[in-house]
Amino acid sequence: MAALPDHIHSYEPRLGHGLPHDPFNAIVGPRPIGWVATHDEAGRLNLAPYSFFNAFNYTPPIVGFSSIGYKDSVRNAERTRLFTWNLATRPLAEAMNATCAAVPPEVSEFELAGLTPRASTLISVPHVAESPVNFECKVTQIVRLQTVDATPVDTWLVLGEVVAVHIDKSLLVGGVYDTAAARPILRGGGPADYFEITPEALFKMRRPK
């Protein structure tokens with residue numbers, strides 16, 4: 001194996017990074033926030049943010065979130081095959097953060113954070129009324145992650161097909177969704193870093209023909 005220059009900090013994750021804080025989350029970021037609502041078989045609501053979230057397909061639209069640990073969101077999604085995703089924005093940042101609290105399943109994070117569960121149109125799981133964009137999702141796959149030697153990891157990837165989309169009309173400018181106008185927040189690295197998308201961050205590039 002080649003030796004790298006001295007100005008490169010290199011490490012093998014299995015041996016530790018040797019830094020004050022793991023840089024992985026800061027490098028792969030900022031990341032969209034999976035603000036996911038579910039309910040259990042008794043209809044008890046759960047709302048939690050996941051920093052490992054993204055979109056994975058256009059047609060049909062598929063999104064997914066990854067949970068470190070088999071948490072309520074995964075359990076509920078596995079049993080009901082349903083969840084909603086809600087856009088976390090700068091005005092909702094404190095409320096979103098409040099839903100991180102580790103509380104028993106019988107405690108609704110909607111109530112804890114002072115948020116309104118609004119009935120969805122196609123599924124039984126409600127979405128966050130205060131959020132300007134919501135997806136109604138039906139679970140397509142739940143995958144337990146594993147290492148390169150096939151050892152199971154205590155992390156679960158939940159994928160869902162988006163069956164309904166709700167957008168505040170103020171974010172549609174000439175019929176085009178204005179990403180920055182929603183003021184979405186994204187998770188950075190470290191124990192507390194977040195970023196906000198603003199119009200000043202925008203630049204455009206066309207794909208080569």
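None of the figures in this text is laboratory data; all of them are computed from the coordinates on show. The shown structure was predicted, so the numbers you read here are calculated from the model rather than taken from an experiment. Positions of Cβ are generated from backbone atoms using ideal geometry, with glycine treated the same way; all protein chains shown enter the neighbour counts.
Rounded to the nearest Å, what's the spacing between the alpha carbon centres of segment 133-172 and segment 33-112? Just the number, please.
With segment 133-172 and segment 33-112 each reduced to a Cα centre, they are spaced 10 Å.
Cut-off 13 Å, label point 7 angstrom out along Cα-to-Cβ of residue 57: give me the residues of segment 135-158 whose amide nitrogen falls inside.
138-142
If r is the Cβ-Cβ distance from residue 198 to residue 155 and R0 is 25 Å, what FRET efficiency results, to the nearest 0.05?
0.20
For residue 90, what charge total do you get from the other residues with a beta carbon under 12 Å from its beta carbon, if Lys and Arg give +1 and Asp and Glu give -1?
Residues near residue 90 contribute -1 overall.
For a quick check, take a GNM of the chain with Cα springs below 10 Å and name the residue from 176, 74, 158 with the largest mean-square fluctuation.
Between 176, 74, 158, it is 176 that shows the largest mean-square fluctuation.
Report Rg/Rh for the chain, rounded to two decimals, where Rg is the Cα radius of gyration and Rh the Kirkwood radius.
Rounded to two decimals, Rg/Rh equals 1.00.
Of the listed peptides 199-206, 83-90, 28-35, 104-111, what is their order by residue-averaged count of other C-beta atoms within 10 Å, with the highest listed first?
Highest to lowest by the protection proxy: 83-90, 28-35, 104-111, 199-206.
Using Cα positions and a limit of under 29 Å, work out the lysines in reach of residue 138, with same-chain residues fewer than 8 apart set aside.
Cα-Cα hits under 29 Å: 71, 169.
With contacts defined as alpha carbon pairs under 8 Å and 6 or more residues apart, what's the relative contact order of segment 58-202 in percent?
Over segment 58-202, the number comes to 27 percent.
In whole Å, what three semi-axes, largest first, describe the equivalent ellipsoid of segment 68-129 built from its Cα gyration tensor (square root of 5 times each eigenvalue)?
Ellipsoid half-lengths, sorted descending, are 19, 16, 11 Å.
Specify the residue with the greatest mean-square fluctuation among 142, 68, 185, computed from a Gaussian network of the chain linking alpha-carbon atoms under 10 Å apart.
68
How much net charge surrounds residue 123 when only the other residues with a Cβ under 13 Å from the Cβ of residue 123 are counted, with Lys and Arg +1 and Asp and Glu -1?
+1
Place the peptides 120-127, 46-53 in order of packing, highest mean first, counting for every residue the other Cβ atoms within 10 Å and averaging per peptide.
The peptides rank, most packed first, as 46-53, 120-127.
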